[in-house]
Amino acid sequence: MSMQINMFEKKQFVKEIQEKDPVASPFLVKLSAVATDKNGKPYLNLIFMDKTGEIEAKVWEDIPAHMGQVVKGAFVYVEGKCKTYQGRKQVQISKMQILREDEVDISLYLPESPCNVESLYAQLVQFINAMQDPHYRALAKAVFIDDEEIVLKLKKAPAAKSVHHAYPGGLLEHVISVTKALDFFSKLYAPYLDRDLLFLGGFLHDIGKLWELSYDRVTDYSFEGKLVGHLVMGVELVERKINELEKKENGLPGALPGAFPAEKRIFVFPKEKKILVKHMILSHHGELEFGSPKRPKCLEALVVHSVDNLDSKVNTIRTFIEQDQTPGRWTGLNKSFERYFYKPDWVYASKD
Ligand SMILES: [Fe+2]
Ligand SMILES: [Fe+2]
């Protein structure tokens, strides 16, 4: 006698699914795209997710019936079998049915943050309090301590849609990791680097991602993110925050309350510093072909770019190695890095 299955109950999670396991569980659709095989036959390429991770899936039959329904952000009940393909787990689907949002507990499907966001935020505040330059510190404080919307978003935002630090709090984790490295390099190359400018580069380089990405359910690019992008959005924020600081009595160090009528207030954010901060954001992708309108043209910008590049790559490759299912010492082919990676002992230690 076959067991009665409750389609809405989440009993099986992505992380537990092993090769050859039968799959019978609801999932959130992270990606849904139609592709064609070598013979021109259409199939549906899917990525399912729940709070424990993501898994790929393919549908070969009844494509038109599923196309308009099984869309990104939808909940589906799936039956099938898990296979391994090119080192990655994949569900071969035999049955799939759309579920209504009120039939599932959404919290079981959104990724859990692997980091302690409160302690990361406390570290950020510590870095800000250690800044010496009064203008740079005032700007950092206005953005990361006084702006409640930014603080809230920062504790939730991933650093990317799918590449590096792609989980809630991932952006903050990336910012702290970059800033720790910048702190180190400021000492290594002393006295040739301005630590406070480096710090602002670390804090602000990806700040535009708070609005570039939408991450309420499935992370995706927002309308503004698609058309403007996080570098320019970050520069716009800096411009706005400095304007607000200059208008605020006592917003900047040295401005005595009521000492000057607004139009005569002489304490402004020095223009050269403002432009340097903007340059840190605009140049952090390093090369024009990677989306930076300017290449790094001061040492601090060069260091921020290098550290950012290193931190995102380490996180991307570490995650790739961790999730790879190929038996033995080598991963499957990583398409974006065009190579196989060696799997050291920690990969196996963490799976026990
Ligand atoms: Fe970036
Ligand atoms: Fe970054």
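The values are calculated or read from the model by the stated rules, or taken from the named source; none is laboratory data. This is a predicted model, so every value here is computed, not measured. Cβ coordinates were reconstructed from backbone atoms using ideal geometry, including for glycine residues, and neighbour counts include every protein chain displayed.
Name the residues in segment 313-332 that are over 23 Å from the mean Cα position of the chain (by Cα) and not polar (S, T, N, Q), would you? First the steps, then the outcome.
Going through segment 313-332, the residues over 23 Å from the mean Cα position of the chain (by Cα) turn out to be 325-332.
Across segment 313-332, the qualifying residues are Pro327, Gly328, Arg329, Trp330, Gly332.
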Going by what's in this entry, would Asn39 be described as closer than 23 Å to Ser107 by Cβ, exposed (fewer than 14 other Cβ atoms within 10 Å of the Cβ) and either without any contact (Cβ under 8 Å) to a residue 40 or more places away in the chain or not assigned by TED's automatic domain parsing to the domain that holds Val104 (or both)?
no
Looking only at residues in segment 270-318 that are in a loop (DSSP other than H, G, I, E, B) and in contact with a His (Cβ under 6 Å, 6 or more places away or on another chain), which one is surrounded by the fewest Cβ atoms within 10 Å (Cβ to Cβ)?
Gly291
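Every residue in segment 18-28 that is crowded, with 20+ Cβ neighbours inside 10 Å and either outside the structural domain of Val78 (by TED's automatic domain parsing) or without any contact (Cβ under 8 Å) to a residue 60 or more places away in the chain (or both), please. Don't jump to the end; show me each part of the working.
Of the residues in segment 18-28, the ones crowded, with 20+ Cβ neighbours inside 10 Å are 23, 25-28.
Of everything in segment 18-28, just one residue is crowded, with 20+ Cβ neighbours inside 10 Å and either outside the structural domain of Val78 (by TED's automatic domain parsing) or without any contact (Cβ under 8 Å) to a residue 60 or more places away in the chain (or both), namely Ser25.
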Hey, could you check segment 177-207 for residues that are over 14 Å from Ser312 (Cα atoms) and hydroxyl-bearing (Ser, Thr, Tyr) and say which is farthest from ligand 1 (Cβ to nearest atom)?
Tyr192
Any residue at all in segment 109-120 that is closer than 27 Å to Leu299 by Cα, away from ligand 1 (no atom under 16 Å from the Cβ), hydroxyl-bearing (Ser, Thr, Tyr) and in contact with a Leu (Cβ under 6 Å, 6 or more places away or on another chain)?
no
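Please determine, by comparing only the residues of segment 42-76 that are out of contact with any strand residue (DSSP E or B) (no Cβ under 7 Å at 6 or more places or on another chain) and either in contact (Cβ under 8 Å) with a residue 40 or more places away in the chain or not in a loop (DSSP other than H, G, I, E, B) (or both), which one is surrounded by the fewest Cβ atoms within 10 Å (Cβ to Cβ). Break it down stepwise before answering.
Just the residues of segment 42-76 that are out of contact with any strand residue (DSSP E or B) (no Cβ under 7 Å at 6 or more places or on another chain), to begin with: 51-53, 61-62, 64-65, 68.
Those still in the list that are either in contact (Cβ under 8 Å) with a residue 40 or more places away in the chain or not in a loop (DSSP other than H, G, I, E, B) (or both) too: 51-53, 64-65.
On the way: Lys51: 16, Thr52: 15, Gly53: 17, Pro64: 8, Ala65: 11.
Restricting to residues being out of contact with any strand residue (DSSP E or B) (no Cβ under 7 Å at 6 or more places or on another chain) and either in contact (Cβ under 8 Å) with a residue 40 or more places away in the chain or not in a loop (DSSP other than H, G, I, E, B) (or both), the top hit is Pro64.
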Residue tally, condition touching an Asp or Glu at 6+ places or on another chain (Cβ under 8 Å) and farther than 25 Å from Thr316 by Cβ, over segment 117-174
6
What is the number of the single condition among (1) assigned by TED's automatic domain parsing to the domain that holds Gln97; (2) closer than 20 Å to Glu101 by Cβ that Glu61 does not meet?
(2)
Which one of the conditions (1) at pLDDT below 95; (2) in a helix (DSSP H, G or I) does Phe267 fail to meet, given that it meets all the rest?
(2)
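Can you tell me which residue is surrounded by the most Cβ atoms within 10 Å (Cβ to Cβ) among those in segment 1-17 that are aliphatic (A, V, I, L, M) and closer than 19 Å to Arg100 by Cα? Show your work before the answer.
At the first step, the residues of segment 1-17 found to be aliphatic (A, V, I, L, M) are 1, 3, 5, 7, 14, 17.
From the residues that got through so far, the ones that are closer than 19 Å to Arg100 by Cα too are 5, 7.
On the way: Ile5: 12, Met7: 15.
This residue is Met7.
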Out of (1) closer than 20 Å to Gly291 by Cα; (2) within 16 Å of ligand 2 (Cβ to nearest atom); (3) within 15 Å of the chain's Cα centre (by Cα), what's the single condition that is false for Gly234?
(3)
For segment 319-343, which residues satisfy the criterion of being in a loop (DSSP other than H, G, I, E, B), under 21 Å from His165 (Cβ atoms) and out of contact with any strand residue (DSSP E or B) (no Cβ under 7 Å at 6 or more places or on another chain)?
Asp324, Thr331, Lys335, Ser336, Phe337
Positions within segment 198-215 being free of Cβ contacts under 8 Å to residues at least 40 places away in the same chain and within 12 Å of ligand 2 (Cβ to nearest atom), in sequence order:
Glu212
(1) within 16 Å of ligand 1 (Cβ to nearest atom); (2) within 30 Å of Leu108 (Cβ to Cβ); (3) modelled with pLDDT of 95 or more: which one isn't true of Gly170, the others all being true?
(3)
